[in-house]
Amino acid sequence: MTIPKSKHTLQSALAISEWIVDLRRDLHANPELAYGEVRTSRRIQEVLTELGIAHKTGFAGGTGIVATLGSEQGPCVALRADMDALPIQEQSGSDFSSLKPGVMHACGHDTHMAMLLGAARILKQDESSLPGQVKLVFQPAEEGGAGAKKMCDEGVLEDPKVQRMFGMHVWPQLPTGVVGLREGAFLASATFFDILVHGTGGHAAMPNLVVDPVVAGAQIVNSLQSIVSRERDPFGSDVVSISAFNAGDAYNVIPATAHLKGTVRSLSLEDQAANIQRIEEIAKAIGQAHRCRVEVNFPGTTYPPTVNDDKALAVARAAARIVVGEAGLVVNSPTMGGEDFSFYAQKVPSAFAALGIGNEAKGSTHSLHHPEFRVDEDALPIGAAMHAAFAMEALAELNLAKP
Ligand code: NI
């Protein structure tokens, strides 16, 4: 039987916390948008090379990286970090704020990369005793670009076959020192939609001569609310939100078209499919009732719900107990946010954890995607230790489970 070395991971991570923080600040100051993570990818490759860790690049449009550690004899587990930033102008006031106008690591993916590199360094120190292989997956384009799907399609879960996978997201709603986990669905399936309402437009004083897309669009907004309130199970979890309604720009002109945008979310793939179908049916039928032609499009890729596997979750809990103790382990509420880690979790028994970064004294209280978003960097060694412990505990579990 292999005894996991996870007991020492937090001490190991604390010993390199300055190195992790420096890496994070460098990545934070140089954010790049989805599929453009060129410098970011190069920096990660440099660090992996410095650590003597084998890696391949060029995945998912070029910037994705897969590094491998440990022994080819034995099971294989994977750890994942996302790499992309957001089109937000940073207002955090940090000394290491974004050097790029209009681009910011406002979702903490800079910390995810730094923590995974911290775990890489910890695991490398003990590489000879790893009872199997660890793949470190650095993927582009989590924010709407479904980078994880491309990584899967390009075979990162194969050769050797990944048997367990773990991911983590910094979580401002939990205090630093706390890890949140939950059974089953943790994050929602998410789909974007566009609704184009075509009327004729004309003089606002003569509506009788006009087919008005504004009134039809308004009715569509109202009618879509009945999907969740009247059609879905009240004990389920679904969201339909209209987030944009653009039509016209004059007082006395009825425009020819109205453009609505929104998002639909659900914790189950079946309910999500039903929601998508009903959005299209209702929008078109309401349009027809108002003599308008309606087009409904679903741009991008639907993210499946992120569902934690029971076995992987047990490993993740064991890892959390080692790193933050029983008192630091909480049951996290599900969220209607989406996460493309779900594409891995569809294929491999996986667990996704929330890592507390909330700390009023450090100003890390803003939500993800907020221009003033800050991270309590004391959480970084905890996250690095969590990743390392995920890998060590999962390899131990898989070795024990062998016939
Ligand atoms: Ni994120």
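The values are calculated or read from the model by the stated rules, or taken from the named source; none is laboratory data. Please read these numbers as outputs of a predicted model, since none were measured by experiment. Cβ: placed from backbone, ideal geometry, glycine included. Neighbour counts: every protein chain shown. To get the accessible areas, we keep the full protein, side chains included, count just its heavy atoms, and leave off ligands, DNA and RNA. Shrake-Rupley method; radii C 1.70, N 1.55, O 1.52, S 1.80 Å.
Overview of results
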{"quantity": "Full-extension gain in nm, Asp26 to Ser94, via 0.36 nm per residue minus C-alpha separation", "calculated": "23.2 nm"}
{"quantity": "Label point distance in nm, Val331-Ser128, each placed 7 Å from Cα along Cα→Cβ", "calculated": "4.5"}
{"quantity": "Debye intensity ratio in log₁₀ form over the Cα atoms of the stretch 253-372, taken at each q of 0.16, 0.23 Å⁻¹", "calculated": "-0.96, -1.34"}
{"quantity": "Helix 310-324 vs. the chain, principal-axis angle (Cα, 0 to 90°, nearest 10)", "calculated": "60"}
{"quantity": "Residues whose placed amide H lies under 5 Å from that of Leu329, excluding near-sequence neighbours", "calculated": "Val179"}
{"quantity": "Per-residue SASA entry for Lys311, accessible area with 1.4 Å probe, Å² rounded to 10", "calculated": "130"}
{"quantity": "With 5 Å bins from 0: P(r) over the stretch 329-403, alpha-carbon pairs, percent", "calculated": "3, 11, 15, 20, 22, 13, 8, 4, 2, 1, 0"}
{"quantity": "Dipole-positive endmost among Val38, Ala283, Ala204 within the chain (Cβ charges, Cα centre)", "calculated": "Ala283"}
{"quantity": "FRET efficiency, 1/(1 + (r/R0)^6) with R0 25 Å, evaluated for His198 and Ser223 via beta carbons", "calculated": "0.90"}
{"quantity": "If the convex hull is drawn through the Cα atoms of the stretch 189-297, its volume per residue in Å³", "calculated": "85"}
{"quantity": "Principal-axis tilt of helix 213-226 within the chain, Cα atoms, nearest 10 degrees", "calculated": "50"}
{"quantity": "The stretch 11-117: GluC sites (Glu not before Pro) falling in loop per DSSP and having at most 13 other Cβ within 10 Å", "calculated": "Glu72"}
{"quantity": "Entries of Lys150/Lys402; Lys100/Lys362; Lys149/Lys402; Lys261/Lys284; Lys161/Lys347; Lys311/Lys402 with Cα pairs more than 20 Å apart", "calculated": "Lys150/Lys402; Lys100/Lys362; Lys149/Lys402"}
{"quantity": "The stretch 189-297 - charge dipole about Cα centre, Lys and Arg +1 at Cβ, Asp and Glu -1, debye rounded to 20", "calculated": "200"}
{"quantity": "For the stretch 334-377, size of Cβ-based charge dipole, Lys and Arg +1, Asp and Glu -1, in debye", "calculated": "140"}
{"quantity": "Base-10 log of normalised Debye intensity for the chain (one unit scatterer per alpha-carbon) at q = 0.07, 0.09, 0.11, 0.14 Å⁻¹", "calculated": "-0.36, -0.57, -0.80, -1.16"}
{"quantity": "Selection from Gly52, Cys152, Pro75, by position along the positive dipole direction of the chain (Cβ)", "calculated": "Pro75"}
{"quantity": "Quotient of Cα Rg and 2.2 N^0.38 Å for the stretch 8-94, N being how many residues it contains", "calculated": "1.25"}
